[in-house]
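Working notes, beginning with the structure itself.
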Amino acid sequence: MSMRPVTDKAEVSIDFPDKAYMGAFGRDSKFDAHADDQGVMLRLSRPGEDKRVVELHLHHYLFADVLRALAESIRERPPIDAAHLEHRVDGAKVLHAALSPRRRK
């Protein structure tokens with residue numbers, strides 16, 4: 001597990017019939033994201049007195065569906081500011097290169 005610093009912020013909410021859990025992960029937090037044989041995993045970890053950890057595992061087909069839904073949502077909204085756009089494009093290029101058939105040979 002290679003934990004990396006959170007460069008912005010993540011917010012998590014889990015709703016149950018009788019209660020809800022909410023939490024934020026800011027710049028003092030860390031994350032790990034990796035792929036395995038079953039899918040992809042995202043872990044957010046906040047240290048300190050109010051320590052919390054969230055893990056989300058998505059199987060490959062669901063992860064692909066999430067990527068498609070994100071693409072549709074981004075396409076339908078007004079353009080994002082240049083700084084955020086460049087960071088997103090860079091991340092998408094790295095993901096695309098890692099999934100490239102040439103890499104797997």
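Filtering region 48-67 to residues that are under 19 Å from Ala98 (Cβ atoms), surrounded by 10 or more Cβ atoms within 10 Å (Cβ to Cβ) and not β-branched (Val, Ile, Thr) leaves His57, Leu58, His59, His60, Leu62, Phe63, Ala64, Asp65, Leu67.
From the list Ser13, Ser29, Ser45, Ser2, pick out the single residue that is hydroxyl-bearing (Ser, Thr, Tyr), at pLDDT 95 or above and loosely packed, with under 10 Cβ neighbours inside 10 Å. Reasoning before the result, please.
Working: Ser29 fails: loosely packed, with under 10 Cβ neighbours inside 10 Å; Ser45 fails: loosely packed, with under 10 Cβ neighbours inside 10 Å; Ser2 fails: at pLDDT 95 or above.
Within the list Ser13, Ser29, Ser45, Ser2, the selection yields Ser13.
The values are calculated or read from the model by the stated rules, or taken from the named source; none is laboratory data. Every value quoted in this text rests on a predicted model; they were computed, and no experiment measured them. With ideal geometry, Cβ positions are generated from the backbone for all residues, glycine too; neighbour counts draw on all protein chains shown.
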